[in-house]
Amino acid sequence: MSGNETTVTEFNLESIQTSAPEDDLNELAEKLQSITEDVRERIISDERLKELLRGNDTLTSDDDTKKQKPEELTKNLIIEEVLDHLGYPYAHQELNTPAEDEDRWVDYSVPLDSYPNIDSTRLLIEAEPINKNLDQSKHGIGQVRSWLHHEPFESNLGIATDGLKWVLLKKDTDTHTINEVETCDLTEVFTVLFDDVSTGKSSVEDVLTDAHFDTLETFYRAFGFDNFTNVAAGVQSIIRRKKKEISESFYKQYIELVFGIRDEDTDGRDTDRCLVGDGIDAPPGTSEEERRLFSVKLMNRLIFVQFLEDTGVVADGLMDDIRTRHETGSHLTDCYKTFIKPLIYDVFNTPPGKRPDKIQENDLYNDIPYLNGGLFRATLDNEKAYTVTDTVLLEILDMLEDYQFSMAGKPDELDPSILGTVFEQTINYLAGETGAQKDLGAYYTPDSITRFTAVRSVKDDLLAAFKETLKEDWGWRQGELDHYDEVYELIEGLSPNQDVVEDLLDDVDNFYVLDPACGSGHFLTSVLHEVVAVRRALYEKHEDSPHPQQLKKQTILNNLYGVDIVGPGVEITKLRLWLSIMAEITNEDIEDMDRGELALPNVAFNIREGNSLVGYTDTSRLRMDDDDAEHRQSHVGEWGTDSIEKLVEERQKQINQYKKLYGEEAHDIEDEIDEKDREYNQQLNEKLVDDLRDAGVTFDHEMESIEVPDLPTEALHKVSIGFGTPLDESRKDELEDLFRTSKGMRINSGNDGYVSMTLFHRYLVGTPDDRLEEILDELDGNIGSFDVERYLTVDDIEDLQYLHWPLEFYEVFDSGGFDVVIGNPPYGIDLTDAESALGTYPDENHSSMVFAARSEQLTAADGQIAFVVPKALTYAYRWQDARSHLLDCDLNYLMDLREAFDGVDQEQIILMYTPEESDGDHVVVGRRNGNGKNGDDEFVEQDYTQSAFDADGFFMWVDDENEGVLTKLSNYDTIDDVGFAEATKGMDNFKSSLTGDPNDLLAYRGDDVGQFRFVSHSYLDDDVQDRSDFHLAGHGEKKVVFQRILAHVVDPTDRVIIQCAIDYDEACVPDTAIHATPNEGSLELLCGLLNSSLFAWYAYNRIYNRAIRSMDLTPIYFGRLPAPPEMDAEAIETIETQTTELHELQGRNESSVMEAYEKLDEAVFDLYELTEEERAVIKKETPPRRETLVDA
């Protein structure tokens, strides 16, 4: 079975609403009977028609009494008659590829624009002659596949048919794989009808059996047009569900057999019966990381072989045959040594002519081609000395045998996209035991998100590159170019000029994309699909027609780059890219391709292991003034030393040669590069350490005890020793006489004498090595504090898994940098002090922005960064520096993803921006509707202006309806601007100090949150009252009290209702609440404003950007609420009256409370001068008040 074949799998459509009334089935049967009669009249003899229906031959023009082309006869007499009967509004050859071969043109196109629930603009139908094999790469199903991959067609649905057999295909919009939704073979029905009409026509009810009508029902439920539209609308959710089911099943077995994890909620391994446990006998001195890497590499290899069986590259059942031979033979060694190890190293890693004689004589390995040594090459130290126990290995083989592996993306089978999902989920086990996922900040990114990010970044950048080429090199006028807003529209508009197309293909070749935290390669595989799609579209305008496999190889080698700090993640990224290439190979290709064409690409220098945050991007950055915000990547030639430029140039020449080769020649070059890299990196690490010292980059060295730090003296920047008891003048002179033998020692005075000693770098390196130890001995018993500030050392750089970008990716940096940096960088990880010191972002707690700052140094002048980052970036106070920085850049997209990651109690956005400041003001904002689990994933986009943003927040939920009122309220002065009121957080640790009878506590009720306050000191412990930091100021007075937390991590809600009341009893308030007092107006006015729908709507939309988790109405955010534009006395009096009434009602009368709230809202609307239309917007988007507050 070929990788491009798409055969029937169990695809249950019962969950989709379809109908097949008995009368409709009878009418369909009668129509087929009529068609059979018409066909019988045209075929030269009944005997010949019988042969065709039995599948013994393919229809030819000689079979037709009118000598019509076989495809045209089939279309006219069968296919069009069936489509007409089923209600298809098709058009003949509505659209075509630019191919000269008419056989590649679309036969029928069915418009679907009027069906908003269908994610395809049209259905494409391929017609073949009766009984022609549909499973071909360039005809039938293969032809439909190519159409669905041709982006300008904007189609995700296709049918391939020969009139008898009908196959419905759906492109998975998330993964670009083509799924077979339904296959129905009507041959038996036609045969029975032919037998009947050839002997005398009978009623269809008398001729067809129940089984035949069951076939017709299956066909009608999938292919009847009304049913088809329902299937087309619902099939994506079925695909997602099926893939989720199989990926979860495989994932559970995968992590158990590889990592020993049965229960993910527990820490550590649940069983040692796994590869990283007892399954591996590793060489002495093997680290845990090396065991883990070997385990993942072995599993990857075994999985890859299973996929090779599916493509036909190796014999179907190879692994099963290995197991059988092992169990039935008399082998002295285990299965790994006898079969798997030779298969990996001596077969897949060795060209056929150079394999050991023992291998060549074994029929088991006959006809296995050499694909490339990248995956099967021994790269670990002493890798061939590892052994694997039969107990675990045979269990793995059994597990793999339980699954059907498929390159074609069938819903019930493991395809590369599903395996990618599994790999994404295993990231948390690649670098350590349970919990490492949190440490790495790594989570699985849904397919729809990686695809959206890839589509926007790839298409936008290539469109800009194409326009520049056409303008500069081919004289296109700007007015012409402005007609094209989409890259495929531009390609379709090209004239068939080979030179123009080749220039644009050169643009694609020089388009560089990086994922600096690539994990398992999910974003890179999404980018791969998009770049290949552009290449396909361009080649439709070109005389050449490269094989899809070659397009993917070219794209991977030329365009894709990735870095990750986790070694197994790097290996998985390579595997996913290789599998994507193998998915394009058919059985026909295997026979036609030579070894070089079939070989997998050498990607070792595209996908690298290392720390993206540590290493050179350019040297000038390290000496920049703080005020200089220019962080553009410098040309390598500007480094100022010929030796560095020369070494990277020579290295790149070798890499270019390496990418073109395969086999031992490639291995030799790789070994040579790796050997030289060790020398080059040592030089660069030493230079980096020197540059960091010159730049004054230091960090604190943690000391657990008072002793000489275990560091080279050269690494010490400053040692500070605080005296337990201050020294007098004589003791200070005594110390100076003993130790002041060089400059850089200082004894510091304080109020009560000399309080500390500081030893600077020049002193420490200019005195004997044991000088610090002597000083500590002399001060023994009088050291109150001991702090060490240090420089980075070469050992530090190596421990941090450095990566020097211009060395690793010279070709990219020589061209100016990466065009797109894409990915989901870690968020919330604890950066080391060294990583923080090397970063340019001011707050190292936001690790995703540290990655963004580093990425800005890696991009080309007009390069784009496309990251998934926490939504808090758009509104949270602690991200204000990030927003200020981004406002100086060119924002392109801000897409609200809500909660994108399973198991992560946090919301995310897609942030796309160009670091270069732009004159343009356009930005696209939007949101992801749905979570992709039920086929409801949709991205809604809206044009907006960057100038509407400020450092306080980026508003993303804008539309034509709410933009006006939002802008109006945002233009009013804020509460802080005019000092309208002041807010204070409640008392810290208040709850832990409770005492007395809790029944005496007066509680007030909020929405899902219960808050407490205390009327007197009797509810506080005496020791709390005696604390010097305990003050009642601001608590013991009349004030407005409101709940601080407006949304919860555990139970988020899509709204904000500010719960507020007036505390007339001058109570104490805990830190779960905020209290405020007005500087202008009354308590009743302030309380009324906070309780209003206007404030709730504004807080939800503008301040918190419609976040649904952990919205915290602290004094900072309180101050951002709009103050009244004018103090309208009438409106204020109404607000005060309704607030007093609500206070007196205390929630007792529901109808009276709601009436008072409505009057309150209208008065607040009056105060803020809102029109009826503006009021309607707020009312529409504000949920009804289900709960109200009583007296605090």
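Things to note:
- Summed residue charge, Cβ within 15 Å of residue 909's Cβ, Lys/Arg positive, Asp/Glu negative: +4
- Under 20 Å from the Cα of residue 467 - lysines, other chains or at least 8 residues apart: 459, 541
- Counted residue by residue at 0.36 nm each, then reduced by the alpha carbon distance between them, the extension gain from residue 693 to residue 985 reaches 100.8 nm.
- Kirkwood-type radius of the stretch 244-440, with distances r between different C-alpha atoms, in Å: 17.6
- Legend: calculated FRET efficiency, residue 495 to residue 23, from the Cβ-Cβ distance at R0 = 45 Å, rounded to 0.05, equals 0.25.
- Space enclosed by the convex hull of the alpha-carbon atoms of the stretch 699-791, per residue, Å³: 89
- Summed side-chain charge close to residue 18 - residues other than residue 18 whose Cβ falls under 13 Å, Lys, Arg +1, Asp, Glu -1: -4
- Distance between the 7 Å Cα→Cβ label points at residue 42 and residue 593: 3.9 nm.
- All lysines inside 27 Å of residue 1180 as judged from Cα atoms, apart from same-chain residues fewer than 8 positions distant: 871, 968, 1159
- Once C-alpha pairs closer than 8 Å and six or more residues apart are averaged by separation and normalised to the residue number of the stretch 217-323, the relative contact order reads 12 percent.
- Separation of the alpha carbons by more than 21 angstrom is noted, of 138/171; 337/358; 170/252; 67/201; 553/660, for 170/252; 67/201.
- Sorted fewest first by neighbouring Cβ atoms within 10 angstrom, 403, 370 come out as 403, 370.
- Fewest-first ranking of 746, 1055, 292, using other Cβ atoms within 10 Å as the exposure measure: 746, 1055, 292
- Residue order, fewest to most surrounding Cβ atoms within 10 angstrom, among 527, 296, 958: 958, 296, 527
- Compactness of the stretch 22-223 as Cα Rg over 2.2 N^0.38 Å, two decimals: 1.03
- Straightening the chain between residue 665 and residue 384 buys 99.1 nm, computed as 0.36 nm per residue apart minus the Cα-Cα spacing.
- Cross-link partners of residue 743 among lysines (Cα-Cα below 19 Å; sequence separation of 8 or more within a chain): 718, 732
- Modelled spin labels at residue 675 and residue 199, positioned 7 Å past Cα toward Cβ, are 8.2 nm from each other.
- Rg in Å to one decimal, and Dmax rounded to a whole Å, for the stretch 481-611 via C-alpha atoms: 16.1, 47
- Shown here is the pair-distance distribution of the stretch 110-233: with all Cα-Cα distances grouped in 5 Å bins from zero up to the longest one, the shares run 2, 11, 19, 19, 17, 13, 8, 6, 3, 1, 0 percent.
- Applying 1/(1 + (r/R0)^6) with R0 = 35 Å to the Cβ-Cβ distance of residue 738 and residue 798 gives a FRET efficiency near 0.40.
- The Cβ shell under 15 Å around residue 347 holds other residues with a net charge of +2, Lys and Arg each +1, Asp and Glu each -1.
- The alpha-carbon atoms of the stretch 1069-1160 define a convex hull whose volume equals 126 cubic angstrom per residue.
- Extension gain, residue 262 to residue 1166, is 319.3 nm, computed as 0.36 nm per intervening residue step minus the present C-alpha separation.
- Paramagnetic label zone (point 7 Å from Cα along Cα-to-C-beta, residue 502; backbone N under 12 Å) in the stretch 541-557: 543-544
Laboratory data are not the source of any read-out in this text; all were calculated from the coordinates shown. Just so you know, these numbers come straight off a predicted model, no measurement behind them. Here Cβ is always computed from backbone atoms with ideal geometry, including for glycine, and neighbour counts include all displayed protein chains.
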